[in-house]
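Read the figures in this text as sums done on the coordinates, not as results from a lab. In this text the structure is predicted, and so the values were computed from the model without any measurement. Cβ placement follows ideal geometry from the backbone for every residue including glycine, while neighbour counts extend to all protein chains displayed.
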Amino acid sequence: MDIYLIRHTQAANNVGLCYGQTDVILADSYADEMAILHNKLPEFSDDCSVFSSPLTRCLQLAQTFSDNVVTDERLLELNFGDWEGLQFDAIDADVLKHWTDNVVTAKPPNGEGFEELYVRATTFWKELIASDVNQVLIFTHAGVIRALLAHALNLPLANSFQLRIDSGSVHKLRLLDNYLYVEYINL
């Protein structure tokens, strides 16, 4: 099974905006970024499975690869709760520092922690691995990709934040004879 984890292209100019599960629009450069992304990937068979976060920034891109995209809420980015839609500099500095210092276990008010994101993402992963598909495209967010790579590599969750996950990036894994290989990260 070839598995491609694909991060959405750049969101519209939202510098400093906290928008985990907020459905923001894509940048004006979307068409160019989408073309670049298509060039990074091989041709896929007709039976390729395509999954996406339900947010527009992922789903719009996924639909350029397939007319049969399955959305799954377990592929959503971290829920920032009360911080959704706020500028990071509008959040109390001490509260934000506590969260960034403890990003794996701490939660934004009325949001979720990275451990919770990890559990929901790996639930999706386990179902996927048990399925009988040859090729899979998963259009999602940096947090979910970090969680899935941490799971695949058996990394402590805090170490997953050392992985660079660029907008429009591709991360390829291959499951072969019950062994999972990481073929590349952040292409």
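Between L41 and L153, residue separation times 0.36 nm minus the direct Cα-Cα distance comes to 38.1 nm.
Counting neighbouring beta carbons within 10 Å and listing from fewest to most, the residues I129, I3 come out as I129, I3. If only the Cβ of Lys and Arg carry +1 and only the Cβ of Asp and Glu carry -1, the dipole of the chain around its Cα centre is close to 400 debye.
In order along segment 57-66, the Karplus-derived 3J(HN,Hα) couplings, from 6.51 cos²θ - 1.76 cosθ + 1.60 at θ = phi - 60°, round to 5, 9, 4, 4, 5, 4, 5, 7, 9, 7 Hz, and Gly and Pro are given as x. From the P(r) of segment 2-184, can you give the percent of Cα pairs sitting at distances over 30 Å? Roughly 17 percent, once rounded to a whole number.
Across H98, H151, H141, mean-square fluctuation computed from a Gaussian network of the chain (C-alpha pairs under 10 Å connected) peaks at H98. Determine the percent antiparallel among the DSSP beta bridges restricted to segment 2-184, to the nearest 5. Close to 50 percent. With angles folded into 0 to 90 degrees, how steeply does helix 30-40 sit against the dominant principal axis of the chain? Use alpha carbons for both and round to 10. Helix 30-40 sits roughly 50 degrees off the main axis of the chain. For a straight C-alpha distance cut-off of 18 angstrom, the lysines reachable from K107 (same-chain residues fewer than eight places away being disregarded) are K97. Across I165, I91, I25, mean-square fluctuation computed from a Gaussian network of the chain (C-alpha pairs under 10 Å connected) peaks at I91.
When C58, C18 are sorted by how many other C-beta atoms sit within 10 angstrom of their C-beta, beginning with the fewest, the order is C18, C58. Applying 1/(1 + (r/R0)^6) with R0 = 25 Å to the Cβ-Cβ distance of E127 and T64 gives a FRET efficiency near 0.50.
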